[in-house]
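Here, each number is a calculation from the coordinates, and none is a lab measurement. Please read these numbers as outputs of a predicted model, since none were measured by experiment. Because the Cβ atoms are built from the backbone with ideal geometry, glycine has one as well, and the counts that use them run over all protein chains shown.
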Amino acid sequence: MAQKFTLNVNGRDHTVDVDPDMPLLYALRNDIGLNNPHFGCGLAQCGACTVHLDGQAIRSCVTPVSAVGSGKVVTLAGLGTPEKPHPLQTAYVEEQVPQCGYCINGWIMTAAAFLRDKKKPTDAEIKTALEGLKCRCGTHMGILRAVKRASEMMG
Amino acid sequence: MTRMEKSASFSRRALLQSGGALVVSIGMPMSLDTLLAVSQAHAQGAKPPLTPDQLSSYIAVNADGTVAAFFGKMDMGHGLTVAIGQMVAEELDVPFKAVKVYMGDTANSVHQGGASGSTGIQLGGKQMRMAAAEARRVLVEMAAQKLAIPADQLAVVDGVVQAKADPARKASYAELIGGRYFNVQLDWNKQYGNTLYAPGKALPKKPGEYKIVGKPIKREDIAPKVFAQEDFVTDVKVPGMVHARMIRPPVAGSVPVKVDESSIRDIPTARAIWKNGFLGVVAEKEWDAIQAMANLKVEWSQVTPPFPPQASLYDVIRKSPVRKRVVETNVGNVDEAFKSAARVIEAEYEWPFQSHASMGPACALVEIKDGFVTCYSGTQKSHFVQAGLAATLDVPLEKVRVKWMAGPGSYGRNDADDCAMDAAVIAKEIGRPVRLQYMREQGTAWDPKGPASIHRARLAFDAAGKIVAYEFTSKGFSRVDVDTNGGKPRDTLAGQTLGVTLASGDGFGVPAESYDFPNKRLAWETVAPLLDRASPLRSSHLRDPVGPQIHFASESFIDEVAAALGQDPVQFRLQYVKDARDAAVIKAATGKFGWETRPSPRRDQTGVKVNGRGIAYSQRNGTRVAAIAEVDIDRSTGKIWVKRFVVAHDCGQIINPDGLAKAIEGNVVQGISRTLWEEVKFNDKAVTTADWVSYPILDITESPEKIETVLIDHPEIAPSGAGEPSIRPLAAAIANAIFDATGVRMRRVPFSPDRVKQSMS
């Protein structure tokens, strides 16, 4: 049975009336109207649906709405804007990383959480932090260059 | 009075029919910036017909002087938008930023074949270049009349035609034609698709005159993606839309015999759509559609499981009757040469089925309103999907519009076209707009597959040790068991489940190289699919269709021969390639790599961890690529790390070196992935590789340390393709590097750790 939940997304409260077991991804995309997290697998295997929940990168495709509670959700659209970009967004544009771009949420949101806690990571630490995320177009090299560049921008 | 003004007194019909080179049709002075405006203009008759012989089908100048380029292909992520914009801006002499390229919308572009065979620049760009050159010629002539100055005394600077002698005497493109359409006839070759060509009277610029082509201009579609401002095909919503999901059989080939709708009665608004073998569900909410898909009780027909044991796949191919054999190259008398040979070297290679496994499963939205069909799709081929929808829905072609939107990556005939047809069937059935998205297992297990194949190569020497004959034969499933697009219902899951008559096509290929052997035969053979209808193992195009398969085998074999003769693999190749550009890419790659001349394998390593290097090269429709891999191998685990790749690439004229380098980089990573990890697995009933765990791809932790490209620019040679050629020789380069490191020859892809370890034991 549907229930009412108030979700705090990108700094704003949204009330949704949904099945408590429904993954957060569908609430974000269909009830709140944020297209940016993508459905990639529904299995927490690829990262295309990644958002931050209280600062942690989570897979919204397997996170039930009922588990979000009063946590603060941030999506790629909430991470930064063209006027006030997150360093990773700047680096992604400068390095011209994506091909299709469908996987972007996983890499940027995961890397953003990682770089917040880890200053000046080594190349190996960057790779390990991103392990398991998928990019089918094969832009791996660009992703690594962009995360490195962002880490340098973040000092 | 200018000709343009004069023509305004003509009736619109007379104007549209006159087709004179300088006649400009009169349209509303509207911006062409939205598709709506374009279709309105078209509907009002202000635009000449959208046919390949009309200049207005490719180029229009907006009221503000900016340029719209309408392109019947699309950018699947390699930055083709930028390259086409560069070519158009160059020929028109307008700033790059003044050009906006509209892609893959059947409402405003002609059928240029869609994204296909790396022809975006080679063929599609060639046409756009000629159209832009013709538009410039027409505009200069219009200015000549307006300014009363001969055309040869005029120059164009940033979209302003001005007298060379007195730049103050000028007329801008906006003044000359802004907001109206060209009505200029082109010399169309009467072909649609990739080969469509319709030049005007103008000649394109000479390379020495280029200001924009050849520059590393960046993509403008990246920022909107990075800031989550761009809609993908998955993001489109229309009023009244319902969500749909498909249901595939647990045993391939079986069909529903009983569908129990009471099993989803508790799910709000859910209902089943069942016609013959076609079964889907819809609901108002997406999550409810997914629940309905998961909960619908279906009784399936009893069928004999269709697939052989996976372990016997290559034997099945070996023993299957040949459905079609084509000898593409036959020089001299190969059979005689082998009969009298003093020594023969031969080998056989195997390549598995592989999946597109696009980043997200396909999604399409179909709306049927007042007899008009609109489809949003991530397809590579909108005009084919338009035809497929017309046939599937039994409506005239002109009543269907397909609008391509960026989808989750596409590398050939993935699941996008099937999804569009499935959505259309449901939309027609329920009379509502339908958004259908497949689930992960439907994207990975049910997409059309890159075909599995075996490859036999043999080479004959005479008593003096001279090479006298070479034969290479591929045998495998067809690259067009289902066609490269959803243009016909028989090539889609919707058509096949609804019961249309089948017509599996035959196609494969042969090595593309220039080895000069006195007797040489290159051939291919196809076998029938394992299941002829609605099969999860139906085969079609996957990036560089059959190229990686064939050249894994042919370039591994050349290496085997070099090793058997104790020769350096590069020196051996250079001795036999007869094409100068082939030799040049090989030399460019070896120069960049720092290739040390010596035979393989190296025999100086004794530890657990060993290292090697390998080269391979190939051609593809005019493009030449040589690739050198450096690999580290852990002999205790069989784990391979491709540490470094050097790729030398010659595709003639380079339009955008930055886009080219990135296209190559993506190809290299995807190529390593397909070589080391990717194999579609199946049991007797179904494909079992259905997600990222069962169908792994190269992880970021396995990325090479370096991918280096050497871009060889030939401004004087028409550009050939770059979207796919560089994936072609990679598997062989890796196999040759493994041999160099270990002395072990890998003849079956993928080189997963267990298989490598087994090969070395």
| said: Based only on other Cβ atoms within 10 Å, what is the fewest-to-most ordering of A:CYS61, A:CYS137? | reply: A:CYS61, A:CYS137
| message | Give the separation of the Cα centroids, region B:556-623 to region B:360-422, in Å. | response | 45 Å
| query | By a straight-distance test (C-alpha under 16 Å), which lysines pair with B:LYS757 as possible cross-link partners, with residues fewer than eight away in the same chain excluded? | reply | B:LYS609, B:LYS639
| How much net charge surrounds B:VAL680 when only the other residues with a Cβ under 13 Å from the Cβ of B:VAL680 are counted, with Lys and Arg +1 and Asp and Glu -1? | -1
| said: Set the bar at 31 Å for Cα to Cα. Now go through A:LYS72/A:LYS118; B:LYS218/B:LYS449; B:LYS258/B:LYS399; B:LYS146/B:LYS211 and name every pair that lies beyond it. | reply: B:LYS218/B:LYS449; B:LYS258/B:LYS399
| Summed residue charge, Cβ within 10 Å of B:VAL500's Cβ, Lys/Arg positive, Asp/Glu negative | +2
| task | Per residue of A:11-19, count partner chain C-beta atoms within 10 Å of its C-beta, then hand back the mean as an integer. | result | 1
| note | chain A: relative contact order from alpha carbon pairs under 8 Å, six or more residues apart, as a whole percent, is 23 percent
| field | Those lysines that a straight Cα-Cα span of less than 18 Å connects to A:LYS120, excepting residues fewer than 8 apart in one chain | value | A:LYS148
| field | Global geometry of region B:122-257, whether rounded, prolate or oblate, following the gyration tensor of its Cα atoms and the 1.5 cut on a/c | value | prolate
| query | Helix hunt in chain B: which complete DSSP H runs extend at least 27 Å axially by C-alpha with mean Kyte-Doolittle at least 0.0? | reply | B:657-676
| said: Considering only C-alpha atoms, what is the centroid distance from region A:80-121 to region B:694-730, in Å? | reply: 24 Å
| request: Return a whole-number percent for the relative contact order of chain B, with Cα pairs under 8 Å and 6 or more residues apart as the contact set. | output: 13 percent
| said: How shielded is B:699-706 by partner chains, expressed as the average number of their Cβ atoms within 10 Å of its Cβ atoms? | reply: 6
| note | If each K or R counts +1 and each D or E counts -1, the residues other than B:ARG644 whose Cβ falls under 12 Å of its Cβ total 0
| request: Return B:PHE461, B:PHE182 ranked ascending by Cβ neighbour count within 10 Å, so the fewest neighbours appear first. | output: B:PHE461, B:PHE182
| message | Sort B:ARG748, B:ARG245, B:ARG624 by Cβ crowding within 10 Å, fewest neighbours at the top. | response | B:ARG748, B:ARG245, B:ARG624
| query | Which lysines does B:LYS339 reach when only Cα atoms under 24 Å apart count, and residues fewer than 8 places away in its own chain are ignored? | reply | B:LYS466, B:LYS475, B:LYS520
| request: Of the DSSP beta bridges with both residues in the protein assembly as shown, give the percent that are antiparallel, rounding to the nearest 5. | output: 75 percent
